[in-house]
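Colleague: Structure provided below as structure tokens; questions to follow.
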Amino acid sequence: MVGILHFPNTTIGKKIIMALSGAIWLGFLAGHMVGNLKIFMGAEHFNEYAHGLRTLGEPILVYGQALWIARLVVVPALVLHVWAAITLSLLNMQARDSKYVQHRKLNANAAQLSMIFGGIALFLFIIFHLMHFTLGVLVHPSFNPNDPYHNVIAGFQSYFYIPAVIYLIALAALSLHLYHGTWSMFQTLGLNNKTYTKSLRILAWLVAISITAGFALVPLSVMFGVVG
Ligand code: HEM
């Protein structure tokens with residue numbers, strides 16, 4: 001029992017928490033990206049989809065309940081992911097100070113730094129994104145809670161497309177984070193071995209690029225007048 005309670009304090013425990021919470025977000029992002037592509041089917045379809053997220057599971061669930069259940073999964077997953085990232089970094093820093101660990105590979109450090117700074121940037125982006133499209137406060141010019149299609153188009157068209165550019169920069173950070181994160185997840189779950197390393201690296205890139213490219217299509221299409 002004590003062993004189980006101690007598990008999250010171990011390096012492997014934290015890595016498993018990072019991998020599982022990261023996998024939850026990967027699933028959420030894949031679903032969110034595919035859902036966003038409905039914007040190319042027009043306002044009616046896109047708004048119907050956003051409405052459908054709230055009526056999902058009716059009449060067993062009440063209006064909005066499925067969305068809240070999803071939030072009860074993704075929000076704690078994000079909290080655990082950030083907690084594990086911070087405490088793992090602290091453990092790594094302590095290990096680096098110790099005289100037993102003399103050398104670390106430079107590229108491993110670069111990946112670690114990109115994960116930390118990219119992670120902070122993505123966290124700030126999520127706050128901006130929620131204010132922009134979910135709450136419609138401060139950063140949206142004409143938010144209408146009943147018209148998500150309008151919110152996305154007007155939100156990207158506003159302020160000389162600066163919000164759209166912010167999204168594209170965040171998506172570049174997301175692609176690096178997803179690549180390193182997916183690759184680390186494979187390692188933590190023990191999937192990599194000499195035979196599969198190359199294929200798993202390619203798979204990690206494919207996951208990262210397909211999700212971010214799918215997201216990027218929306219702001220790019222608004223900027224180039226394909227939708228709007
Ligand atoms: C171009 C890219 C994106 C677009 C157009 C977009 C669009 C939207 C829209 C319209 C909503 C509100 C949905 C509604 O209330 O009906 C939303 C919610 C949300 N998005 Fe995005 N999104 C994008 C990228 C992202 C990314 C990269 C992340 C995470 C890193 C993300 C995380 C979220 C979260 C957490 C919510 C709140 C869901 C909720 O609890 O209601 N989105 N997004």
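Colleague: When you look at GLY228, is it modelled with pLDDT under 95 and at positive phi, yes or no? Working first, answer last.
Modeller: Working: modelled with pLDDT under 95: yes; at positive phi: yes.
Taking the combined requirement at face value, the residue satisfies it.
Colleague: Could you tell me which residue of the stretch 198-221 is nearest to the chain's Cα centre (by Cα), considering only residues that are surrounded by fewer than 17 Cβ atoms within 10 Å (Cβ to Cβ) and closer than 19 Å to ALA110 by Cβ?
Modeller: Top of the filtered list is TRP205.
Colleague: Just checking, which of VAL75, VAL79, VAL34 is part of a helix (DSSP H, G or I), at pLDDT 95 or above and either polar (S, T, N, Q) or within 11 Å of the ligand (Cβ to nearest atom) (or both)? Quick ask: steps written out before the conclusion?
Modeller: On the way: VAL79 fails: either polar (S, T, N, Q) or within 11 Å of the ligand (Cβ to nearest atom) (or both); VAL34 fails: either polar (S, T, N, Q) or within 11 Å of the ligand (Cβ to nearest atom) (or both).
After ruling out the rest, the residue left standing is VAL75.
Colleague: When you check ALA121 against the structure, is it modelled with pLDDT of 95 or more, more than 20 Å from VAL82 (Cβ to Cβ) and either assigned to a helix (DSSP H, G or I) or more than 10 Å from the ligand (Cβ to nearest atom) (or both), yes or no?
Modeller: Numbers: modelled with pLDDT of 95 or more: yes; more than 20 Å from VAL82 (Cβ to Cβ): no; either assigned to a helix (DSSP H, G or I) or more than 10 Å from the ligand (Cβ to nearest atom) (or both): yes.
So ALA121 does not fit the description; no.
Colleague: Then there is this: Select from the stretch 177-228 the residues that are closer than 24 Å to ALA43 by Cβ, among the hydroxyl-bearing types (Ser, Thr, Tyr) and either in a loop (DSSP other than H, G, I, E, B) or away from the ligand (no atom under 16 Å from the Cβ) (or both) and list them in ascending order.
Modeller: Taking the stretch 177-228 and keeping what is closer than 24 Å to ALA43 by Cβ, we get 213-228.
From the residues that got through so far, the ones that are among the hydroxyl-bearing types (Ser, Thr, Tyr) too are 221.
Answer for the stretch 177-228, where residues must be closer than 24 Å to ALA43 by Cβ, among the hydroxyl-bearing types (Ser, Thr, Tyr) and either in a loop (DSSP other than H, G, I, E, B) or away from the ligand (no atom under 16 Å from the Cβ) (or both): there is none.
Colleague: Within the stretch 126-145, which residues are part of a loop (DSSP other than H, G, I, E, B) and more than 10 Å from the ligand (Cβ to nearest atom)?
Modeller: The first filter runs over the stretch 126-145 and keeps only residues part of a loop (DSSP other than H, G, I, E, B), leaving 136-145.
The answer is VAL137, LEU138, VAL139, HIS140, PRO141, SER142, PHE143, ASN144.
The values are calculated or read from the model by the stated rules, or taken from the named source; none is laboratory data. As the structure is a computational prediction, the values presented were derived from the model and not from experiment. A quick note on method: Cβ atoms are made from the backbone with ideal geometry, for glycine too, and the neighbour counts reach across all protein chains shown.
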